[in-house]
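Throughout, read-outs are computed from the coordinates displayed, never taken from laboratory work. Remember, predicted model here, so these are calculated numbers, not experimental data. Because the Cβ atoms are built from the backbone with ideal geometry, glycine has one as well, and the counts that use them run over all protein chains shown.
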Amino acid sequence: MSPVRAWVALGSNLGDRRATLEGAVEALRAADEVEVLRVSPWLETEPVGGPSGQGQYLNGCLEAETTLDAATFHWLLARIETQFGRERAREVPQGPRTLDLDLLLYDELVLATPELVVPHPRMEERLFVLEPLLALEPELVLPRSGRTVRARVAELRARERGVAP
């Protein structure tokens, strides 16, 4: 299989968040058939949804090339989450977590199965995903809206301020 471009969101709000995120990047770098190309700066954000009293998240995004198919790449992300202490079966929805790795985009693939939806269905509504992506690829065209990351971030920031874009 020829290499494809994949974009992954990373987040953590438990424990040593920075060490966890950097460890997850290194785990991906060490994986066969994966080359991490770029990693965004880490961005501290407030939790969205979930129980009150959660700590702030540290979020980022990375760009990788892989020869793994989408399902296997997604499985690898879940395995890395488990390595860093994530226990999905015990989590509260949108609750605190040691590590969250979301496959945002896998080349041009559009897929919806019970296990995996690509492009990520909520990525275009989440500044904590788009702002790190903006640091890496501002002119990337988002598949659902057809807008660039830069334009979508501007829209969401304007909406937060109550200003029409």
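In plain terms, the chain from Glu155 to Glu125 could stretch by 9.8 nm, reckoned as 0.36 nm per residue minus the Cα-Cα distance. Projecting the Cα atoms of Gln54, Ser2, Ser12 onto the dipole axis of segment 1-69, where Lys and Arg carry +1 and Asp and Glu carry -1 at the beta carbon, places Gln54 farthest toward the positive end.
Take every Cα pair under 8 Å whose residues are at least 6 apart in sequence, average their separation, divide by the length of the chain, and the relative contact order is 26 percent. Full extension of the chain segment joining Ser145 with Trp75 gains 22.5 nm, where the gain is 0.36 nm per residue of separation less the Cα-Cα distance. Put a plus charge on the Cβ of each Lys and Arg, a minus charge on the Cβ of each Asp and Glu, and nothing anywhere else: the dipole of the chain about its Cα centre is then about 560 debye. Here segment 4-121 has an Rg and Dmax of 13.7, 40 Å, counting Cα atoms alone. Using the Cβ-Cβ distance between Glu44 and Ser2 with R0 set to 35 Å, the FRET efficiency works out to roughly 0.40. Close amide H pairs (under 5 Å, H built 1.01 Å from N) link Leu140 with Val149, Arg150, residues at least 5 positions away or on another chain. Taking 0.36 nm per residue of separation and subtracting the current Cα-Cα distance, fully stretching the chain between Ala19 and Glu87 would add 22.6 nm. Residue-wise HN-Hα couplings along segment 149-161, as the Karplus relation 6.51 cos²θ - 1.76 cosθ + 1.60 with θ = phi - 60° gives them from phi, are 4, 4, 5, 5, 4, 4, 4, 5, 5, 5, 4, 4, 7 Hz; Gly and Pro carry x.
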